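Structure first, commentary second.
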């Protein structure tokens with residue numbers, strides 16, 4: 001297994017990393033356009049990590065307009081093998097109160113205006129998303145949250161809606177009947193693209209509100225969300241520092257992302273042009289360049 005490197009994708013409220021050393025923002029070009037922002041390269045405890053604010057610094061990018069492909073490609077270019085995705089979400093369960101963290105293990109993708117694959121021209125690939133997150137990274141995040149005494153739940157289903165508007169009451173109640181735990185706007189197609197890039201991926205969802213289903217919280221507004229975001233961001237930074245210290249201690253040998261493209265690409269090799277192979281070199285060069 002190649003040398004592991006951690007990447008962090010910061011959601012709402014998490015736009016920079018505090019207390020890190022040798023920090024520099026680096027511009028990265030990709031075949032898919034520009035990432036959300038420059039990538040922060042930083043060191044903590046001797047480990048170099050790469051960080052990108054999903055909505056850009058200052059929160060300038062609408063969830064639908066995030067260039068998810070460029071973000072994942074940039075991470076891959078920088079040698080990232082493992083991604084911790086931090087995401088602000090609404091709660092669909094009474095006991096998942098604002099401030100609680102959920103280590104997500106399943107998604108329901110309700111987005112409809114986003115390109116969801118790197119393999120949209122000439123080369124077709126079907127990766128498995130049955131188990132969309134990394135058990136080893138989830139173990140690591142769970143241990144970090146427990147050590148820090150941050151309220152959390154291991155396991156949960158995240159409904160990803162298009163946005164940028166919050167749910168209607170009917171939608172919120174529908175998702176609750178599905179047994180979903182949290183709702184947000186950003187982890188799809190991010191998780192799918194990370195899988196196509198053979199990057200191990202874990203989502204830590206930070207609850208900011210009760211969506212609109214709760215009788216005592218009938219409407220979600222930005223002020224309500226921001227207040228909790230600030231508290232969550234501090235906890236998220238502390239969690240990330242603990243994860244950096246220990247993520248290599250948790251086994252990822254049987255992770256579903258490992259070499260998943262070996263059994264995913266269906267297109268006859270004779271049909272692949274040099275142009276497309278070049279475009280996919282960072283994402284799938286390992287398999288496309290095999291003789």
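The values are calculated or read from the model by the stated rules, or taken from the named source; none is laboratory data. Every value quoted in this text rests on a predicted model; they were computed, and no experiment measured them. Don't worry about glycine lacking a Cβ; one is built from the backbone with ideal geometry, like all the others, and counts go over all protein chains shown.
Yes/no per residue for (1) farther than 30 Å from residue 120 by Cα; (2) outside any loop (DSSP other than H, G, I, E, B); (3) at pLDDT 95 or above; (4) in contact with a strand residue (DSSP E or B) (Cβ under 8 Å, 6 or more places away or on another chain):
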| position | (1), (2), (3), (4) |
| --- | --- |
| 1 | no, no, no, no |
| 8 | no, yes, yes, yes |
| 14 | yes, no, no, yes |
| 23 | yes, yes, no, yes |
| 28 | no, no, yes, yes |
| 37 | no, no, yes, yes |
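For segment 196-214, enumerate the residues that are at pLDDT below 95 and either within 13 Å of the chain's Cα centre (by Cα) or part of a strand (DSSP E or B) (or both).
If the condition is that a residue be at pLDDT below 95 and either within 13 Å of the chain's Cα centre (by Cα) or part of a strand (DSSP E or B) (or both), then 206, 207, 208, 209 are the ones that fit.
Every residue, every condition in (1) buried (at least 21 other Cβ atoms within 10 Å of the Cβ); (2) touching a residue at least 60 places away in the same chain (Cβ under 8 Å), yes or no:
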site	(1), (2)
43	no, no
52	yes, no
57	no, no
60	no, no
67	no, no
70	no, no
78	no, yes
82	yes, yes
87	yes, yes
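Count, please, the residues in segment 164-190 that happen to be outside any loop (DSSP other than H, G, I, E, B) and surrounded by 24 or more Cβ atoms within 10 Å (Cβ to Cβ).
Of the residues in segment 164-190, 4 are outside any loop (DSSP other than H, G, I, E, B) and surrounded by 24 or more Cβ atoms within 10 Å (Cβ to Cβ).
I need a count of the residues in segment 146-163 that are outside any strand (DSSP E or B) and at pLDDT 95 or above.
Number satisfying all stated conditions: 9.
Please specify each residue of segment 162-177 satisfying the condition of being within 22 Å of the chain's Cα centre (by Cα) and in contact (Cβ under 8 Å) with a residue 60 or more places away in the chain.
162, 163, 164, 166, 167, 175 - these are the residues of segment 162-177 that are within 22 Å of the chain's Cα centre (by Cα) and in contact (Cβ under 8 Å) with a residue 60 or more places away in the chain.
State all residues of segment 255-276 that are part of a loop (DSSP other than H, G, I, E, B) and free of Cβ contacts under 8 Å to residues at least 24 places away in the same chain; if no residue qualifies, say none.
Of everything in segment 255-276, just one residue is part of a loop (DSSP other than H, G, I, E, B) and free of Cβ contacts under 8 Å to residues at least 24 places away in the same chain, namely 268.
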